[in-house]
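The values are calculated or read from the model by the stated rules, or taken from the named source; none is laboratory data. Small disclaimer: the values here were computed from a predicted structure and weren't measured. Heads up, the Cβs are rebuilt from the backbone with ideal geometry, glycines too, and the neighbour counts pull from every protein chain shown. To get the accessible areas, we keep the full protein, side chains included, count just its heavy atoms, and leave off ligands, DNA and RNA. Shrake-Rupley method; radii C 1.70, N 1.55, O 1.52, S 1.80 Å.
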Amino acid sequence: GRLLQNISKGSDKISIYEEMSLLDDYVLIQDIKYNGQLKVNYHIGDPTITQASILKFLLQPIVENSIFSGIEPSGKPGLIQIHIYAEDQVLYISIRDNGIGISEENIRRLLTDTGRVTKNYMSGIGLPNVDRRIKLVYGEEYGLKMESEIGSYTCVTVSLPLEFSDEMQEI
């Protein structure tokens with residue numbers, strides 16, 4: 001009931017744990033399309049970090065991009081590794097796929113040019129939106145960074161301030 005209660009309160013933020021559950025549901029559906037060839041692994045150093053709060057639906061567009069722009073074109077089984085950690089009161093979530101990768105130039109274009117509608121519309125358009133949402137809510141110093149190696153991997157790292165909502169701290 002926690003999630004519904006959060007939505008009905010109009011809260012834009014949920015715990016990482018809740019966001020992970022939403023993501024798992026999404027990945028489950030995608031995995032069916034991929035005949036069970038899609039794996040997502042979480043690397044979480046400190047379990048209490050899953051109680052930190054983040055903007056709702058932050059991770060799904062990034063994972064969606066990994067699947068449609070990275071893994072699907074590669075034709076290989078997909079592995080997405082999600083690493084969640086904090087440093088100096090900053091929360092980092094990195095999402096790394098083993099897909100086809102993306103060039104430096106395209107990374108720049110992807111994160112700056114929001115008006116572009118391409119065949120990757122579904123996926124690519126999500127990233128600038130996520131970046132913009134983060135900056136609007138938390139400030140310009142936060143957002144998305146991408147690094148990639150063609151033919152090998154793409155890694156998107158989200159940075160946000162480390163926050164725990166009051167509700168969560170009572171747990």
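Once you order the gyration tensor axes a ≥ b ≥ c over the Cα atoms, which shape class does the range 51-97 get: rounded for a/c under 1.5, otherwise prolate or oblate by comparing a/b with b/c?
It is prolate, given that a/c is not under 1.5 and a/b is the larger ratio.
Model label sites at residue 85 and residue 12, defined 7 Å from Cα along the beta-carbon direction, differ in position by 2.9 nm. Within the shell defined by Cβ-Cβ distances under 15 Å, the residues around residue 135 carry a net charge of -1, with Lys and Arg each +1 and Asp and Glu each -1. If you roll a 1.4 angstrom probe over the protein chains with everything in place, what fraction of the accessible area of the range 48-106 belongs to carbon and sulfur, to the nearest %? Carbon and sulfur together cover 49 percent of it. The phi torsions of the range 55-66, fed into the Karplus equation with coefficients 6.51, -1.76 and 1.60 and a -60° offset, translate into couplings of 5, 5, 6, 7, 8, 4, x, 6, 5, 4, 4, 4 Hz, rounded to whole numbers, with Gly and Pro shown as x. Annotation: amide H-H contacts under 5 Å for residue 164 (H modelled 1.01 Å from N, sequence separation of 5 or more, or interchain): 53.
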